[in-house]
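The values are calculated or read from the model by the stated rules, or taken from the named source; none is laboratory data. Predicted model only: the values in this text are computed from it and were never measured. Don't worry about glycine lacking a Cβ; one is built from the backbone with ideal geometry, like all the others, and counts go over all protein chains shown. Protein only, heavy atoms only, side chains kept; ligands, DNA and RNA dropped before computing areas. Shrake-Rupley method; radii C 1.70, N 1.55, O 1.52, S 1.80 Å.
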Amino acid sequence: MSANTTSAEDKLIARYFAPLATHPGALGLSDDAAFIKPPPGCDLVLKADAIVGGIHFFNDDPAGTIAAKALRINLSDLAAKGATPLGFLLSLALPKDIGEPWLAAFTQGLREDAATYKCPLFGGDTVRSPGPVMVSVAMVGHVPDGMMVRRAGAKAGDRVFVTGTIGDSALGLGLRNGAAWPLDEAQRAHLADRYLLPRPRNALAEAVLHYASAAMDVSDGLAGDLAKLCRVSDVAAAIDAARVPLSDAAKAVLAADPAALETALTGGDDYEILCTVAPAKVDRFRVAAMAAKVAVTDIGTIAAGEGAQFRDAQGELLSFARAAFSHF
Ligand SMILES: [Mg+2]
């Protein structure tokens with residue numbers, strides 16, 4: 001995948017990574033670099049996101065889901081920008097004792113998602129890690145010239161939409177960390193699965209491209225991410241917390257532990273799309289989302305001013321101790 005290859009590394013690349021390099025410009029990972037030509041009339045959209053064992057995943061998570069998570073969190077950003085994936089670069093830092101079965105499972109997970117999301121491997125590097133596994137993905141996508149959907153662009157009067165459901169992953173992490181919520185097996189499995197495997201909404205990318213005035217993916221918590229979008233758009237948001245879409249499992253958690261609402265709204269790792277849509281485009285956005293088979297929910301409105309406010313069903317302002325997940 002780069003210069004300084006040993007023959008052991010060449011074998012590793014040929015066996016595990018070359019099968020993922022299906023784009024002709026990747027040259028089967030036999031060269032120092034890959035080349036791509038953007039589709040005519042398109043801008044390239046670039047994104048890099050890394051995950052580290054013990055921080056973004058558990059070291060004993062299945063290797064295939066670690067690979068899928070690394071890819072999907074980047075796919076999610078592309079989806080929120082209205083972009084179509086072209087491919088990705090992978091940098092992998094592995095402990096000495098990781099072993100081939102782990103690598104085989106990892107690349108199998110990567111291969112499945114690369115095929116599903118039509119996002120082949122262009123190249124990368126593998127290095128030794130003195131600590132946990134680190135997976136860094138740099139992804140390239142494309143949008144029509146000048147049309148990347150930005151965080152800036154929300155206007156007073158726009159509706160605020162989110163895809164899917166919010167909070168499942170953060171509550172799933174809570175379960176992993178020992179929270180004792182009274183859930184049935186299916187509910188536990190749902191939350192645990194949503195922590196392990198994000199569901200990036202790339203099927204909605206085209207609708208976002210055509211109808212959203214601003215968009216981002218929800219990775220650091222709905223409340224904090226919406227506040228970021230409002231800040232760069234120079235607007236305020238008024239959100240009806242009761243309309244934030246929740247899974248049955250999340251509802252069961254909140255019924256037993258109402259304080260977990262804060263975890264759901266600020267916990268992060270949702271990888272849903274948060275976007276704003278002008279009133280005149282809302283109907284077409286909904287139709288396009290239905291055609292894409294992605295659930296979208298109107299949770300509130302954009303107004304002049306600043307800050308993202310969440311109110312409960314009684315109209316009381318919710319305040320959060322911690323608006324968003326921060327790594328630092
Ligand atoms: Mg993001």
Per the C-alpha gyration tensor (a ≥ b ≥ c, the square roots of its eigenvalues), region 7-144 is rounded if a/c is under 1.5, else prolate if a/b beats b/c, else oblate; here it's oblate
Counting only residues 5 or more places away or on other chains, whose amide H sits under 5 Å from the amide H of ARG151 once H atoms are built in the peptide plane?
ALA215
Return the sequence-ordered ³J(HN,Hα) values of region 23-33 in whole Hz as given by the Karplus equation 6.51 cos²θ - 1.76 cosθ + 1.60 applied to θ = phi - 60°, using x for Gly and Pro.
6, x, x, 7, 6, x, 6, 8, 10, 7, 8
Quick one: which residues, 5+ away or cross-chain, put their amide H under 5 Å from the amide H of ASP270? H built at 1.01 Å from N.
GLY221
Projecting the Cα atoms of GLY82, ALA70, HIS56 onto the charge dipole of region 1-142, where Lys and Arg contribute +1 and Asp and Glu -1 at Cβ, the residue farthest towards the positive end is GLY82
Report, largest value first, the span of the C-alpha coordinates of the chain along each principal axis, in whole Å.
66, 51, 35
With +1 on each Lys and Arg Cβ and -1 on each Asp and Glu Cβ, and nothing else charged, work out how big the dipole of region 1-86 is about its Cα centre, in Debye to the nearest 20.
220 debye
Dipole moment magnitude, nearest 20 debye, the chain about Cα centre, only Lys, Arg, Asp, Glu C-beta charged
560 debye
Report, ordered by chain and residue number, the lysines lying within cross-link reach of LYS81, taken as a straight Cα distance under 18 Å and ignoring same-chain residues fewer than 8 apart.
LYS47, LYS118, LYS155, LYS228, LYS281
Hey, any idea what % of the chain's accessible area is carbon plus sulfur with a 1.4 Å probe?
56 percent
So with the 1.4 Å probe, I'd like the accessible area per residue for the chain, rounded to whole Å².
45 Å²
Convex hull around the C-alpha positions of region 159-311: the volume in Å³ per residue is 98 Å³
Which of the trypsin sites (Lys or Arg not before Pro) found in region 219-318 are in a DSSP loop and have at most 13 neighbouring Cβ atoms, other than their own, within 10 Å?
LYS293
Nearest-0.05 FRET efficiency for ALA48 and ASP184, computed from C-beta distance (R0 41 Å)
0.55
Report the Cα-based extents of region 93-223 along its three principal axes, largest first, to the nearest Å.
55, 46, 26
Reachable aspartates and glutamates from LYS293, criterion Cα separation under 12 angstrom, eight or more residues apart if same chain
none
